[in-house]
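Undergrad: Could you have a look at this structure, given as C-alpha cells, before my questions?
The values are calculated or read from the model by the stated rules, or taken from the named source; none is laboratory data. Since the model is a prediction, treat every value here as computed from it, not as a measurement. In this analysis, Cβ positions are derived from the backbone assuming ideal geometry, glycine residues included, and neighbour counts consider all displayed protein chains. Just the protein is used for accessible areas: all its heavy atoms, side chains included, with ligands, DNA and RNA removed. Shrake-Rupley method; radii C 1.70, N 1.55, O 1.52, S 1.80 Å.
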Amino acid sequence: MEAHRSFERFEHGHHASGGDAVGPHYARHAALAVAVMAAFLAVATLLANEAMKAVVTEETHRADATSSLDSNRVQIDVANGNGTMLRALGAGVPGQRRAVQVARAHERRIAEELRPADARLREEIAHDEHEVEHADNQHVVYELAEVALEVGIVLASVSIIVRRRWLLGLGGGFGAAGVVLLLVGLLVV
C-alpha cells in the first residue's frame, strides 16, 4: 500500500513539474511492450542457436561426404590401376584369359559401383553446402532480430523510467523490426 502511495506522489510531482503527459496506465503498457519484446527475443535466441547447430551439423555431414568421396576416388584409381596392370601382366602369358576377366571385373565394379557412388557423394556434398549456407544466413538474420529486440527492450524500459512516449515508440519500432527479421528468418531465408 505504501508503494502505491509513493508511486502516486511521484506521478503527481512529475505532472506538476511539467513532465511528459502520459496516462495513468503508461508504465503498465510500456512494461507489457517490454515483456512482449522479451518473449520474441527468447524465440529469436532459440532460433539463432538452432541455426548455428544446423551449420555445425551440416558442415560435419559435408566433411564426412567429402572424406567418403576422396576414399571412393582412391578406390577408382586403384581399381583402374589394377585393371591396367592385369591386362599388361596377362599379355602373352598362359593365364591371359583369367587376367582379362579379372580386369573386366574391376572395370565393371568401377562402372557399376564406384562411379555412381562418386556422383551420389558429389550431390550429397552440394546439398550439404546449400544447407550450411541456408542455416548460416538464418543465423545472421536471427542475430539481427535479437539485436533489434534488445534495443527495443532497453528503449522501452528507459521510457518507463523517464516517462517519455517517444522512447516507447522508438523502442516499439525496434521491437517491430526485430519481429520482422524473425519472420524473414523463418519464412524467407
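Undergrad: Sort out which residues of the stretch 140-171 are within 29 Å of V56 (Cα to Cα) and surrounded by 20 or more Cβ atoms within 10 Å (Cβ to Cβ), and write them in order of number. First the steps, then the outcome.
TA: At the first step, the residues of the stretch 140-171 found to be within 29 Å of V56 (Cα to Cα) are 140-151.
If the condition is that a residue be within 29 Å of V56 (Cα to Cα) and surrounded by 20 or more Cβ atoms within 10 Å (Cβ to Cβ), then V141, Y142, A145, E146, A148, L149 are the ones that fit.
Undergrad: Scan A44, A65, A103 and give me the residue that is in a helix (DSSP H, G or I) and modelled with pLDDT under 75. Explain how you work it out, then say what you get.
TA: On the way: A44 fails: modelled with pLDDT under 75; A65 fails: modelled with pLDDT under 75.
Unique residue meeting the criteria: A103.
Undergrad: Identify all residues within the stretch 172-189 that are open to solvent by less than 30 Å² (accessible area, probe 1.4 Å), small (G, A, S) and farther than 13 Å from N137 by Cβ; write none if there are none. Even if it seems obvious, please write down each step before you answer.
TA: Taking the stretch 172-189 as the starting set, the residues that turn out to be open to solvent by less than 30 Å² (accessible area, probe 1.4 Å) are 175, 178, 182, 185.
Within this subset, residues satisfying the condition of being small (G, A, S) are 175, 178, 185.
G175, G178 - these are the residues of the stretch 172-189 that are open to solvent by less than 30 Å² (accessible area, probe 1.4 Å), small (G, A, S) and farther than 13 Å from N137 by Cβ.
Undergrad: Tell me, please, whether a residue that is open to solvent by less than 30 Å² (accessible area, probe 1.4 Å) and under 30 Å from A31 (Cα atoms) can be found in the stretch 116-139. Walk me through how you get there before you give the answer.
TA: Keep residues of the stretch 116-139 that are open to solvent by less than 30 Å² (accessible area, probe 1.4 Å), which gives 117-118, 121, 125, 128, 132, 135, 139.
In the following step, the residues that additionally are under 30 Å from A31 (Cα atoms) were identified as 139.
The answer is yes, given that some residue of the stretch 116-139 is open to solvent by less than 30 Å² (accessible area, probe 1.4 Å) and under 30 Å from A31 (Cα atoms).
Undergrad: Given the criterion closer than 30 Å to A145 by Cβ, modelled with pLDDT of 90 or more and under 21 Å from the mean Cα position of the chain (by Cα), identify the matching residue among E50, E58. Break it down stepwise before answering.
TA: On the way: E58 fails: modelled with pLDDT of 90 or more.
After ruling out the rest, the residue left standing is E50.
Undergrad: Scan the stretch 25-48 and report the pairs whose first residue is touching a residue at least 24 places away in the same chain (Cβ under 8 Å) and whose second residue is open to solvent by 60 Å² or more (accessible area, probe 1.4 Å), with Cβ atoms within less than 7 Å and a gap of 6+ or a chain change.
TA: Listed pairs, sorted by first residue: L41/E150; A48/E143.
Undergrad: Filter the stretch 18-34 down to residues that are open to solvent by 60 Å² or more (accessible area, probe 1.4 Å), in contact with a helix residue (DSSP H, G or I) (Cβ under 9 Å, 6 or more places away or on another chain) and either under 16 Å from F174 (Cβ atoms) or modelled with pLDDT of 85 or more (or both), then give me how many there are. Lay out the reasoning, then the answer.
TA: If we filter the stretch 18-34 for residues that are open to solvent by 60 Å² or more (accessible area, probe 1.4 Å), which is where we start, we get 18, 21, 24-25, 28-29, 32.
From what is left, the residues that are in contact with a helix residue (DSSP H, G or I) (Cβ under 9 Å, 6 or more places away or on another chain) are 21, 24, 29.
When the remaining residues are screened for being either under 16 Å from F174 (Cβ atoms) or modelled with pLDDT of 85 or more (or both), the result is 29.
Of the residues in the stretch 18-34, 1 are open to solvent by 60 Å² or more (accessible area, probe 1.4 Å), in contact with a helix residue (DSSP H, G or I) (Cβ under 9 Å, 6 or more places away or on another chain) and either under 16 Å from F174 (Cβ atoms) or modelled with pLDDT of 85 or more (or both).
Undergrad: Taking the stretch 90-100, which residues are at pLDDT below 65 and at negative phi? Give the derivation first.
TA: First pass over the stretch 90-100, keeping only residues at pLDDT below 65: 90-95.
Answer for the stretch 90-100, where residues must be at pLDDT below 65 and at negative phi: G90, A91, V93, P94, G95.
Undergrad: Return yes or no: is M37 in contact with a His (Cβ under 7 Å, 6 or more places away or on another chain) and modelled with pLDDT of 85 or more?
TA: On the way: in contact with a His (Cβ under 7 Å, 6 or more places away or on another chain): no; modelled with pLDDT of 85 or more: yes.
For M37, the condition - in contact with a His (Cβ under 7 Å, 6 or more places away or on another chain) and modelled with pLDDT of 85 or more - is not met.
Undergrad: Quick check: is even one residue across the stretch 69-76 modelled with pLDDT of 80 or more, in contact with a helix residue (DSSP H, G or I) (Cβ under 6 Å, 6 or more places away or on another chain) and closer than 18 Å to A126 by Cβ?
TA: Yes: the stretch 69-76 contains one or more residues that are modelled with pLDDT of 80 or more, in contact with a helix residue (DSSP H, G or I) (Cβ under 6 Å, 6 or more places away or on another chain) and closer than 18 Å to A126 by Cβ.
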